[in-house]
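Report on the structure given below.
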Amino acid sequence: MTDDRSTPADARPGSTLPLMVAILALIVAAAGLWMSYGNATKIAATQQQAAVAPPPDPAIEQMKQTLSSLQQAVQGLQEDQQKLGAQVGDVQQKTSARQGEQKLISDQLGALSARVNSLESARADTPAAASQPAPAPQKRKR
């Protein structure tokens, strides 16, 4: 009878090894399934994003072209504005120079007018000397 007892005890250690291998196989299979499920969800999410993205609309392309042409037009207007600004600056500089010249001429004309007035007043102060007859030239004797 002791043989019966030893047989089941000997059978247990031998039966745990297949059980351990089976549990280990289940763990490896579960890990593999979990990893493949994670990859599958990533792939599915990428496919959904690709499926959700609508195809390019020709109206959008036309709007992009219109926007591009408007940007070029605005850039051209800005360049023209800069050129006109430079021209206005030149005109203002020339106008200032002409105004300076006109002021100088005006000042000179005022000074000349003052001289003419002083000469006229000097002439008006001496009318008696101008109204006397000039002495007659003397005749020479031979």
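For the condition surrounded by 10 or more Cβ atoms within 10 Å (Cβ to Cβ) and either out of contact with any Leu (no Cβ under 8 Å at 6 or more places or on another chain) or modelled with pLDDT under 95 (or both), residue 132 does not qualify.
Quick check: is even one residue across the stretch 102-125 outside any helix (DSSP H, G or I), of a type outside the set (Gly, Ala, Ser), modelled with pLDDT under 90 and open to solvent by 90 Å² or more (accessible area, probe 1.4 Å)?
Taking the stretch 102-125 first, the residues outside any helix (DSSP H, G or I) are none.
Checked against the condition, which is being outside any helix (DSSP H, G or I), of a type outside the set (Gly, Ala, Ser), modelled with pLDDT under 90 and open to solvent by 90 Å² or more (accessible area, probe 1.4 Å), the stretch 102-125 yields no hits at all.
Per the listing 76, 32, the residue uniquely surrounded by 10 or more Cβ atoms within 10 Å (Cβ to Cβ) and modelled with pLDDT under 90 is 32.
The values are calculated or read from the model by the stated rules, or taken from the named source; none is laboratory data. Values in this document were obtained by computation on a predicted structure and should not be read as measured data. Every residue, glycine as well, gets a Cβ built from its backbone with ideal geometry; the counts of neighbours run over all protein chains shown. Each accessible area value is taken on the protein alone, full model and side chains, heavy atoms only, with ligands, DNA and RNA left out. Shrake-Rupley method; radii C 1.70, N 1.55, O 1.52, S 1.80 Å.
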